[in-house]
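A quick write-up on the structure given underneath.
The values are calculated or read from the model by the stated rules, or taken from the named source; none is laboratory data. Source: prediction; values computed, not measured. No Cβ is skipped: glycine too gets one built from the backbone with ideal geometry, and neighbour counts run over all protein chains shown.
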Amino acid sequence: MDTRRSRLMATAACLLVLAVLFTAEGAHQVAVNSSQRDVLWWEALLYATFRWYIWLALFPIVFLLACRFPLEGLRPGQAALVHAAAGLALVLVVLAAQAQVRIWAGWAPSEATFFRSFRFLWNNRLHWALLGYVLILCLSQALRYYFSDQDRRFRESRLEADLARTKLEALRAQIHPHFLFNTLNHCAELIHADPHRAEEMILQLSELLRSTLDSSTALHVPLRLEIDFINRYLRIQQLRFGGRLKIRLEIDPSTLDHPVPNLLLQPLVENAIKHGIAAKPGAGTVRIASKKLPGGELELTVRDDGTGFPANRPTARNGAGIGLANVQARLEKHYGNAHRFELRSEPGQGVEVYLVVPGGAA
């Protein structure tokens, strides 16, 4: 719909400019012929209609011919013959209309017939009629080039969007088997040690996977859905760790409708539990917080109070596994340079992942 509207506006703008120019030329000719400075608007309009506006009425026909028989197509000779024949036919139509206008306006001698008026125009105005056809044909070609370029750009943008979507889906698809593999490993560990907890974990996993079906094809989801998913995931992890895993959710209600990449938080929370809480003796806490920034951006933090990264491990890509690397890659695909991703850690003080994503879906 937007493309059609833009094309109609472009065509209307071109025709409006021509109409203004034709009316101005008509006013000039009326002033010259009548030796008067003040020109009545209807006289200028009538003269412009006599000279040029008939061509504007025939513009759709010329435009369709320009699209059907492009001069730069596979058969330029055939196209040239078609335009020559069409031009001659339309010139005859225009001269016939102008001949009748001359009689109605009283510009022809009182005794002049239609055929005499037409012959006068053929002898004296044929070159202007041919110029009118060439002008309208050039305008049609220019609009056709413009519309073709629009179509090409639209196709390219669709291809780029499809490619980006495919890459994002591939990155996100890495998370499901990774998360599922880890959770099933935890279940296997509990089957003999605590069958009841293992059964409960499998049931929770089933509910979690069922909840992902509704948003399995969405690139973005509201933060509230992401938090719901994380709550289900954390229930599974708390079954595994028992009282060792404590959770602090500090979610600003104003951020719940902010769109975020689907499955954004789960790899971050999993990384905090795996590298922070699991490696720490005793209990540990994972804090998940959200806040709306003054510019409308969404600030997210996932922090654990575990062992932290060693000093020689400065970035997520240098060994934090698929989770953080995947999140970084997906954020770059979604937002380019419009986001922030920071990994903050001190040995023995835990790790904090700090994110800022723009307002609205990319």
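Listed residues Phe241, Phe229; which is aromatic (Phe, Trp, Tyr), at pLDDT below 85 and out of contact with any Gly (no Cβ under 7 Å at 6 or more places or on another chain)?
Phe241
From the list Arg153, Arg165, which residue is loosely packed, with under 11 Cβ neighbours inside 10 Å, over 27 Å from Arg102 (Cβ atoms) and either at pLDDT below 80 or within 12 Å of the chain's Cα centre (by Cα) (or both)?
Exactly one residue qualifies, and that residue is Arg153.
Which of the following residues is assigned by TED's automatic domain parsing to the domain that holds Leu180, in a helix (DSSP H, G or I), more than 30 Å from the chain's Cα centre (by Cα) and not polar (S, T, N, Q): Arg232, Arg248, Arg224?
Arg232
When you look at Ser211, is it surrounded by fewer than 17 Cβ atoms within 10 Å (Cβ to Cβ) and free of Cβ contacts under 8 Å to residues at least 12 places away in the same chain, yes or no?
The answer is no for Ser211.
Run down Leu90, Leu65 and say which single residue is at pLDDT 70 or above and under 34 Å from the mean Cα position of the chain (by Cα).
Leu65
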